[in-house]
Structures are given as C-alpha cells and as structure tokens.
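Okay, structure first, notes after.
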Amino acid sequence: DIHFKPELALEAAGITDKIRINPGNYLRGKTVEALLPELLKTCRDKGTAIRIGVNHGSLDGSILERYGDTPLGMVESAMQFLRICKAESFQEVVVSMKSSNPRVMIQSVRLLAYQMNREEMAYPLHLGVTEAGDGPEGRIKSVVGMAPLLLEGMGDTIRVSLTESPELELPVASQI
C-alpha cells in the first residue's frame, strides 16, 4: 500500500505479488505520465500486479479543481491511470473506488464501469466501503455499499473494512 512516495512502489514491485497505489497521493505534484510507465515496466519485469485504489477522501488537487469532490472526479482519477495501463498493454490491474459513504462508492463504481466500457477496458473491480465503522452500523454500511453492485454483476473481489479487529471482517464478507 504505497502513499506519498512513488519511489517505494518501484521497490515494492520487486518483492510483492501486488501493490496498491492511491492516485490522490501517489503523484505528489508529478504527472501520471511521468511516474506510471516506469512502475508498469518494473511490475511487468517482476510479475507484480497493481491495484489502483481511489479513495473519495484523498483525491488529487487537480482532480478536485476540475471535478470537485464527486464520483466523476473519482472516476477520472482512476481513468488517468487506466488509460496508461491500456496504452502500455499492462493487464495485471485491479481497480477500487472506495468511500465511507456507500452512495458515493456505488455511484463511482457504476460510473467507472460505464467509462471503462466506453473506452474498451475490462479491468477487475475490487469493492469496499472504506472505514465502514463498527457494530451493526459498519456491517450495514458494507452491505448497503456492496450488495447492489454485486447484484448488478459488478465486483470481482471485496473487502469489508470495519473499525474492529480484522478477524471480524471475514464473517461479514462471507455473508455478503
């Protein structure tokens, strides 16, 4: 899980099966065109996959200026990275669009699926409501966010993110 230090992604790509980069804090004033091709080359050489994990709460400043704090902004944040992955013929990519607000998460995933289809992309989707909470509230938020998308046939992997012990997440995920 790489934040704020893109050079660590290059290092991690050599020793892990998959890395996660968050477009909102990965770039840190640089362009995706300047950073991503080198990472994709390293990942290809090492057999490492990438999860492009967009978080509603950490969109890049340029995205916020242009699209605001919206599902469309989240989608464009992911698409900037996915367009380069497609251009570089890099297929080992999973995408996630997470928010602590289930409505925002649902809207962004639907919009991303639509946009990827328009641009002839078919990357797997990882679903999750980030920081869903604990107790019944966290479980309900997770179900409310993921179930509609799963029923629509979207979502290849899921993660329940409770603010409780991690071992309590798996039973909830199994029920979803």
ask   = In debye, nearest 20: dipole of the chain around its Cα centre with unit charges on the Cβ of K, R (+) and D, E (-)?
value = 260
inquiry  = Give me the percent relative contact order of the range 137-176, please, defined on Cα pairs under 8 angstrom at least 6 residues apart.
reply    = 43
task = Putting +1 on Lys and Arg Cβ atoms and -1 on Asp and Glu Cβ atoms, find which of H56, I2, T16 reaches farthest to the positive end of the dipole of the range 1-120.
result = H56
query = How much of the accessible area of the chain, probe 1.4 Å, is carbon plus sulfur, in whole percent?
reply = 50
query = Out of the range 1-69, which GluC sites (Glu not before Pro) are coil in DSSP terms and have no more than 14 other C-beta atoms within 10 Å?
reply = none
key: Environment charge at L39 (Cβ cut-off 13 Å; Lys +1, Arg +1, Asp -1, Glu -1)   = +1
task = Give the label of the value calculated from the structure for semi-axes √(5λ) of the Cα gyration tensor in Å, choosing from [x] 56, 20, 13; [y] 26, 18, 16; [z] 40, 16, 13.
result = [y]
ask   = Let a ≥ b ≥ c be the square roots of the eigenvalues of the Cα gyration tensor of the range 111-176; is it rounded (a/c under 1.5), or, if not, prolate (a/b larger than b/c) or oblate?
value = prolate
Simple Cβ-charge dipole of the range 48-134, Lys/Arg +1 and Asp/Glu -1, about Cα centre, in debye nearest 20 = 200
ask   = Rounded if a/c is under 1.5, else prolate if a/b beats b/c, else oblate: with a ≥ b ≥ c from the C-alpha gyration tensor eigenvalues square-rooted, which is the range 1-104?
value = prolate
remark   = Percent relative contact order for the chain, counting Cα pairs under 8 Å at least six residues apart, stands at 16
key: Shape category assigned to the range 105-149 from the gyration tensor of Cα positions, a/c cut at 1.5   = prolate
request  = Would you kindly find the accessible area of F90, with a 1.4 Å probe and non-protein molecules such as ligands, DNA and RNA excluded, rounding to the nearest 10 Å²?
outcome  = 10
Mean accessible surface per residue for the chain, computed with a 1.4 Å probe while every protein chain stays in place, in Å² = 51
request  = For K18, enumerate residues with amide H under 5 Å from its amide H, sequence gap 5+ or separate chain, H modeled in the peptide plane.
outcome  = A49
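The values are calculated or read from the model by the stated rules, or taken from the named source; none is laboratory data. Keep in mind it's a predicted model, so treat the numbers as computed, not measured. Neighbour counts run over all protein chains shown; Cβ positions are idealised from the backbone, glycine included. Remember, those area values only see protein heavy atoms, side chains included, never the ligands or the DNA or RNA. Shrake-Rupley method; radii C 1.70, N 1.55, O 1.52, S 1.80 Å.
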